[in-house]
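Here's the structure we're looking at; comments come further down.
No value in this document is a laboratory result; all are computed from the given coordinates. Here the structure is a predicted model, which means the values were calculated and not measured. Virtual Cβ from ideal backbone geometry, glycine too; neighbours counted across all protein chains shown.
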Amino acid sequence: MSDSDEAADGQRLAYEEARKLFQRKPDHELLRYALHPDDDGIWDEFITRFGKPGLSRDAQRAYPAIAYLYAKYWIALSDACANPEKVIMVDQSPMRAPTAVPFTPVGSYSITDDDIPY
């Protein structure tokens with residue numbers, strides 16, 4: 001399996017878990033990372049929160065780093081699915097989305113390298 005396959009698979013798994021979380025708690029703060037991958041501010045926060053520590057912004061764009069990012073995101077989403085009311089703590093402070101954004105999953109989706117937002 002190539003690094004790009006691992007990154008794409010990680011993204012697919014995370015988005016599948018996001019769909020599950022949406023069914024349980026559609027306004028959960030973790031869903032905004034799946035909903036707004038093109039928003040630079042949210043993407044920077046996403047990398048800061050789930051990316052591999054110590055890597056430069058350019059290094060965060062490499063396939064192994066993207067695979068790591070989505071694996072960590074998948075874990076957080078899985079935990080949130082198990083307990084959707086729990087506040088997710090980052091650096092000992094609660095993180096909450098400023099507003100709830102509706103999430104509407106659309107059929108089945110096949111992720112390609114072009115889908116990775118960088």
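A simple packing score, the average count of other Cβ atoms within 10 Å per residue, orders the peptides 73-80, 27-34, 59-66 as 27-34, 73-80, 59-66, with the highest score first.
For segment 6-17, backbone phi angles converted through the Karplus equation (6.51, -1.76, 1.60; θ = phi - 60°) give residue-by-residue couplings of 5, 5, 5, 5, x, 5, 4, 4, 5, 5, 5, 5 Hz, Gly and Pro being listed as x.
Between amide H atoms placed 1.01 Å from N, distances below 5 Å from E29 occur with A97, all of them 5 or more places distant or on a separate chain. Working from label points 7 Å from Cα in the Cα-to-Cβ sense, the D39 to I75 distance is 2.5 nm.
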